[in-house]
């Protein structure tokens, strides 16, 4: 097995998360130019009667099954050497869905964009100045980035 | 077909009588002219022929619309309910009621700009919407449940759905019943919960897994920078509404330290101006501005304040009416010697707590009153206006009670709230309900630079509220500007607190209209500018007026406030309202103000009816033709 570096991680604090959905709105707007959690890389599942909302996103596995399952490894799916996250290259991804099947979480944290026929997942806003947009826009600092060294 | 941006693209029409479900393109209703929210609702109601029926008639359409900005980052996560309102008094008028929460964005992601509900189901049902799949389902097991419980039960079948629900008050046709989303987000004023109940519709559960395309994402992203920066300046508001802000510091501190859980608010909004609190034995619930008004008049005890809020929400009752309505009327009646404790207890049938001269606990008073309302028991469930009308005939001092009611309720059956200056007094007169969702417009542009920028005369802000001395000249321009602004705001839709964005008014660093039209253009791809947006606001207001003229025989005589406002100073009842009328409004000057208002509006001064040139200027020739055909075009 190839040596994959540990990845940085999005940390969500359910105690302060208001469940407002700003993270998913900004994620879908930044990455896809649309509004809607369906194409956001992270998603809030709201529990209005307890007020404890959960955050569903890539857990940035140290040994990412999605990456290893990709038939076009290092072409359609890569490991970012800076943050350590696995990311999809839309130009080469064929939308075969092997990565989705390999994701050990329920629901899967990597999904298929059926219009583009490519997989998409949280890549911690790879290349974005200022880091992940959800972290920047969260009104309550409920999201923060844990670097691979701190993890 | 060209790709649609901003709008979801479809209007869902459900007829509960015959079970038909239709989806028609939003484009049929001219979204570019009417935008969304209230604008779209008004157009839909006009196209339905403005039925001259009662609020609880099965033909009353319950229309729920979101707008092109719903689901965006910012204070836009809102929807608007319109229909014939059972709360309006003496006549049931076509009116509007906004609500926030999660439902509006979810509805849009499901693909709908509007949901139009017609008819009446023969047994209790709920409407289940999963993107394209729409069906009415049996709600026998939900009927009778309180609003939180019904949502919890429904969420077992509809995971991740957002739900609009009515409580027992709506089922039992109270005229002050709300439509509720989650624990706090309500279409409150208007009594549309009762309209839902009259249709045997317990809930609407919507789950949307679609997305809404944005025309110019880069431009939208750039504009979000302004929103994020301005939002930071609004932290004071979030903090203020976190606790019962009208209560003593001690009460506030207990909420802040002991019961506060976290912030809460509408989808996509960074302000999150509501908060969630939890008190063991009473429960978890959201609260914001109006939810806190129970304190300090009736109680400063945190548990009593909280129980009042939670019980009203669970039963699906308009909290504003509970506090500014019957209890305020009774308390002031006692104070003015109109009613005695004995009459309150024996004739009116409510246990009198300390503030009504008795020994009952607030808990006893509350539970008795709220359950009477929720059970649809007349006259308590009818709203304060009809409650007073009922006792007017029963009590010796009934006429005096009616006079007092008219002081507490400014016009159209709605409780006093923000009659801040002549502009807002005129707006109250020309609307069909309380224009609460514009009240901040009347006090925010309080610096001369802001007024000048918007082409408005300098006028008294809410800190100078002596209507007897205030400037009458120019108030018509202020009212017309705010009325159009109200239509724009409720159609984009934007929250009322949007009007409080500091840079919009203090002094204007950002032109409100330019900013809104840029955002709307970037989201929808339309070539919208400040003038076109202002025109849209005016168009919507004129179409609302056309509905009033056609359906409600509205004339200038109806554009007025209750008589006491022209006779005396009006006492504001503690936390139930802000703004004071320190002296009578001069009736003759007010009528002259109306003359100038109708002229400015391009309406006929004698009748108060819009004219053909005005309708045609706004692209409403068909409306002019229709009104001409029934002899209501001057």
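The values are calculated or read from the model by the stated rules, or taken from the named source; none is laboratory data. Just so it is clear, the structure is predicted and the values come from calculations on it, not from any experiment. Here the Cβ is made from the backbone with ideal geometry for all residues, glycine too, and neighbour counts use every protein chain on show.
Being over 13 Å from residue A:48 (Cα atoms), within 14 Å of chain A (Cβ to nearest Cβ) and free of Cβ contacts under 8 Å to residues at least 40 places away in the same chain is the filter here; which residues of region B:238-279 pass it?
Listed by number, the residues that qualify are B:238, B:239, B:242, B:260, B:272, B:279.
With farther than 15 Å from residue A:124 by Cβ, at pLDDT 95 or above and under 13 Å from the mean Cα position of the chain (by Cα) as the only criterion, which of A:72, A:29, A:39, A:35 stands out?
On the way: A:72 fails: under 13 Å from the mean Cα position of the chain (by Cα); A:29 fails: under 13 Å from the mean Cα position of the chain (by Cα); A:35 fails: under 13 Å from the mean Cα position of the chain (by Cα).
Matching residue, one of A:72, A:29, A:39, A:35: A:39.
Kindly evaluate residue B:165 against the criterion of being within 13 Å of another protein chain (Cβ to nearest Cβ) and free of Cβ contacts under 8 Å to residues at least 40 places away in the same chain.
On the way: within 13 Å of another protein chain (Cβ to nearest Cβ): yes; free of Cβ contacts under 8 Å to residues at least 40 places away in the same chain: no.
The answer is no for residue B:165.
Assess whether residue B:426 counts as being at pLDDT 70 or above, surrounded by fewer than 24 Cβ atoms within 10 Å (Cβ to Cβ) and closer than 20 Å to residue B:592 by Cα.
no
Considering B:106, B:171, B:160, which residue is modelled with pLDDT under 95 and within 22 Å of residue B:184 (Cβ to Cβ)? Step through it out loud before you land on a result.
Values: B:106 fails: modelled with pLDDT under 95; B:171 fails: modelled with pLDDT under 95.
On inspection, the qualifying residue turns out to be B:160.
If a residue must be within 14 Å of chain A (Cβ to nearest Cβ) and in contact with a strand residue (DSSP E or B) (Cβ under 6 Å, 6 or more places away or on another chain), how many such residues does region B:168-197 contain? Please lay out each step first, then the result.
Narrowing region B:168-197 to residues within 14 Å of chain A (Cβ to nearest Cβ): B:180-186.
From what's left, in contact with a strand residue (DSSP E or B) (Cβ under 6 Å, 6 or more places away or on another chain): B:180-181, B:183-186.
The qualifying residues number 6.
State which residue is surrounded by the most Cβ atoms within 10 Å (Cβ to Cβ) when the search covers only region A:40-67 and only residues that are touching a helix residue (DSSP H, G or I) at 6+ places or on another chain (Cβ under 7 Å) and away from chain B (no Cβ under 14 Å).
Step one: list which residues in region A:40-67 are touching a helix residue (DSSP H, G or I) at 6+ places or on another chain (Cβ under 7 Å), which gives A:40-44, A:49, A:65-66.
Among the residues that remain, those that are also away from chain B (no Cβ under 14 Å) are: A:42, A:65-66.
Details: A:42: 21, A:65: 17, A:66: 23.
Checking each candidate, the answer is A:66.
Can you tell me which residues in region A:107-151 are surrounded by fewer than 13 Cβ atoms within 10 Å (Cβ to Cβ) and closer than 21 Å to residue B:268 by Cβ?
Listed by number, the residues that qualify are A:130, A:141.
Are any of the residues in region B:198-209 away from every other protein chain (no Cβ under 14 Å), within 21 Å of the chain's Cα centre (by Cα) and part of a helix (DSSP H, G or I)?
yes
Residues in region B:314-328: is at least one more than 14 Å from chain A (Cβ to nearest Cβ), at pLDDT 95 or above and assigned to a helix (DSSP H, G or I)?
Scanning region B:314-328 turns up at least one residue that is more than 14 Å from chain A (Cβ to nearest Cβ), at pLDDT 95 or above and assigned to a helix (DSSP H, G or I).
For region B:334-355, give me each residue that is out of contact with any strand residue (DSSP E or B) (no Cβ under 6 Å at 6 or more places or on another chain), farther than 16 Å from residue B:400 by Cα and part of a loop (DSSP other than H, G, I, E, B).
Answer for region B:334-355, where residues must be out of contact with any strand residue (DSSP E or B) (no Cβ under 6 Å at 6 or more places or on another chain), farther than 16 Å from residue B:400 by Cα and part of a loop (DSSP other than H, G, I, E, B): B:349, B:350.
Step by step: first the residues of region B:137-156, then only those that are under 27 Å from the mean Cα position of the chain (by Cα) and away from chain A (no Cβ under 14 Å), then the one that is nearest to residue B:309 (Cα to Cα). Which residue is that?
For region B:137-156, the residue satisfying everything is B:144.
State whether the residues of region B:292-301 include one that is within 12 Å of chain A (Cβ to nearest Cβ) and under 30 Å from residue B:227 (Cα atoms). Before you say what the answer is, go through the steps one by one.
Step one: list which residues in region B:292-301 are within 12 Å of chain A (Cβ to nearest Cβ), which gives none.
The answer is no; no qualifying residue exists.
Check B:547, B:514 and return the single one that is in contact with a strand residue (DSSP E or B) (Cβ under 8 Å, 6 or more places away or on another chain), surrounded by fewer than 24 Cβ atoms within 10 Å (Cβ to Cβ), outside the structural domain of residue B:331 (by TED's automatic domain parsing) and more than 20 Å from residue B:439 (Cβ to Cβ). Full working, then the answer.
On the way: B:514 fails: in contact with a strand residue (DSSP E or B) (Cβ under 8 Å, 6 or more places away or on another chain).
So the residue among B:547, B:514 that is in contact with a strand residue (DSSP E or B) (Cβ under 8 Å, 6 or more places away or on another chain), surrounded by fewer than 24 Cβ atoms within 10 Å (Cβ to Cβ), outside the structural domain of residue B:331 (by TED's automatic domain parsing) and more than 20 Å from residue B:439 (Cβ to Cβ) is B:547.
Could you name every one of the helices (runs of 4 or more DSSP H) located completely within region B:215-285 that has at least 2 residues being touching a helix residue (DSSP H, G or I) at 6+ places or on another chain (Cβ under 6 Å) and closer than 24 Å to residue A:26 by Cβ? Steps first, answer last, please.
Numbers: elements: B:217-232, B:235-240, B:249-254.
Passing ranges, in order: B:217-232.
If you scan region A:7-39, which residues turn out to be more than 9 Å from chain B (Cβ to nearest Cβ), surrounded by fewer than 19 Cβ atoms within 10 Å (Cβ to Cβ) and either in a loop (DSSP other than H, G, I, E, B) or touching a helix residue (DSSP H, G or I) at 6+ places or on another chain (Cβ under 9 Å) (or both)?
Initial filter on region A:7-39 (more than 9 Å from chain B (Cβ to nearest Cβ)): A:7-14, A:23, A:27, A:31.
Now restrict to residues that are surrounded by fewer than 19 Cβ atoms within 10 Å (Cβ to Cβ): A:11, A:13-14.
Selection gives A:13, A:14.
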